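A short worksheet on the structure shown next.
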Amino acid sequence: MDASLQQLVAWSLVVAGFLSGALLGLRFHDDAFAGGYGSFRRRLLRLGHIACIALGLIALELQRTLAALGGAAPEWLAPAFLAGALAMPATCFLTAWRRPFRHAFPLPVALLVVPVITLLIALAAPSAGSGSSP
């Protein structure tokens, strides 16, 4: 996947998190907003906004790590992670809107966990030619 596209998506997620947080912050003083501070709806809105920022920053670090690996990781890894990084906040926001969307959470979780586990395997694998010889 093109590194500039990865950066664009990652930084777009960060900006989306900042903007959604600013929108939520406009009503932070209202105890009844979105059902109250501890309500399911408001918790999911907060989770969605912070997921944008956190997953955007992790996507930037993923790009750096993949560059350091120099092709030792599968090509599908970055697109799958970015799909999960987009799907997770979307699922949070949709679930805040309509509770049955909570059943969609396994999809973004899988799209995030599988690439990270694959990355860990690639990082732990010995580099080509670095094996010990007698």
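Testing L57 on (1) touching a Lys or Arg at 6+ places or on another chain (Cβ under 7 Å); (2) surrounded by 14 or more Cβ atoms within 10 Å (Cβ to Cβ), one condition comes back false. Which one is that?
Here L57 clears every test but (1).
Could we say that L5 is under 24 Å from A124 (Cβ atoms), under 16 Å from the mean Cα position of the chain (by Cα) and in a helix (DSSP H, G or I) here?
no
Which residues, taken from the range 12-40, are surrounded by fewer than 16 Cβ atoms within 10 Å (Cβ to Cβ) and not small (G, A, S)?
V15, F18, L19, L23, L26, R27, F28, H29, D30, D31, Y37, F40
If you go through the range 8-65, how many residues are within 18 Å of P79 (Cβ to Cβ) and over 11 Å from the mean Cα position of the chain (by Cα)?
Residues meeting the conditions: 7.
Return yes or no: is A96 crowded, with 20+ Cβ neighbours inside 10 Å and in contact with a Pro (Cβ under 8 Å, 6 or more places away or on another chain)?
no
Using the structure shown, decide if A73 is buried (at least 19 other Cβ atoms within 10 Å of the Cβ) and more than 18 Å from the chain's Cα centre (by Cα).
In short, yes.
Read the figures in this text as sums done on the coordinates, not as results from a lab. Since the model is a prediction, treat every value here as computed from it, not as a measurement. With ideal geometry, Cβ positions are generated from the backbone for all residues, glycine too; neighbour counts draw on all protein chains shown.
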